[in-house]
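A.B. asks: Below you'll find the structure I mean.
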Amino acid sequence: MSITVKVGVVPGSINELGLNDGAKVSDALSAARLSGAGYAITVNGEKATADTSLSNCDRILLTKSIKGNS
């Protein structure tokens, strides 16, 4: 069985990928030839990591991490 997910980088484009069941965010990033380094990762609007498991129709979004002065 396979799943379809969308991976996007802000700013940038969104790509649709076909992955195997049991895929994780790291698998999607690898298939999209992207690195999560320096980005905040969300799946369907929720904070995620490279080890987050994916389901069919999930949306993965990479946004630049913003750090303020404290």
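The values are calculated or read from the model by the stated rules, or taken from the named source; none is laboratory data. Bear in mind that the values here come from a model prediction, so they are computed numbers and not experimental data. Here the Cβ positions follow ideal geometry from the backbone for every residue, glycine too, while neighbour counts run over all protein chains shown. Each accessible area value is taken on the protein alone, full model and side chains, heavy atoms only, with ligands, DNA and RNA left out. Shrake-Rupley method; radii C 1.70, N 1.55, O 1.52, S 1.80 Å.
A.B. asks: Any idea which of 35, 11, 49 is furthest toward the positive side of the dipole for the chain, if Lys and Arg beta-carbons carry +1 and Asp and Glu beta-carbons -1?
C.D. replies: Toward the positive end, the furthest listed residue is 11.
A.B. asks: With each label point set 7 Å from Cα along the Cα-Cβ vector, what nm distance links residue 63 and residue 40?
C.D. replies: The modelled label-to-label distance comes out at 0.5 nm.
A.B. asks: Tell me, what is the percent relative contact order of the chain, built from C-alpha pairs under 8 Å that lie six or more residues apart?
C.D. replies: 40 percent
A.B. asks: Roll a 1.4 angstrom probe over the protein heavy atoms and tell me the percent of accessible area of the chain that is carbon or sulfur.
C.D. replies: Percent of accessible area from carbon and sulfur atoms in the chain: 49.
A.B. asks: Among 60, 41, 14, which one shows the biggest mean-square fluctuation in a GNM of the chain, springs joining Cα atoms closer than 10 Å?
C.D. replies: Result: 14 has the largest fluctuation of those listed.
A.B. asks: Where nothing but the Cβ of Lys and Arg (+1) and of Asp and Glu (-1) is charged, how large is the charge dipole of segment 24-70 around its Cα centre, in debye to the nearest 20?
C.D. replies: Dipole of segment 24-70, to the nearest 20 debye: 200 debye.
A.B. asks: Compute the distance in nm between two label points, each set 7 Å from the Cα along the Cα-to-Cβ direction, one at residue 56 and one at residue 24.
C.D. replies: It works out to 2.4 nm between the two label points.
A.B. asks: May I pose another question? State the label only: which of (i) 20, 53, 22, 4, 0; (ii) 21, 58, 16, 4, 1; (iii) 19, 46, 24, 9, 2 corresponds to P(r) over Cα pairs in 10 Å bins from 0, in percent computed from the shown model?
C.D. replies: The calculated read-out lines up with (ii).
A.B. asks: Net charge within 13 Å of residue 39 by Cβ-Cβ distance, Lys/Arg positive one each and Asp/Glu negative one each, not counting residue 39 itself?
C.D. replies: +3
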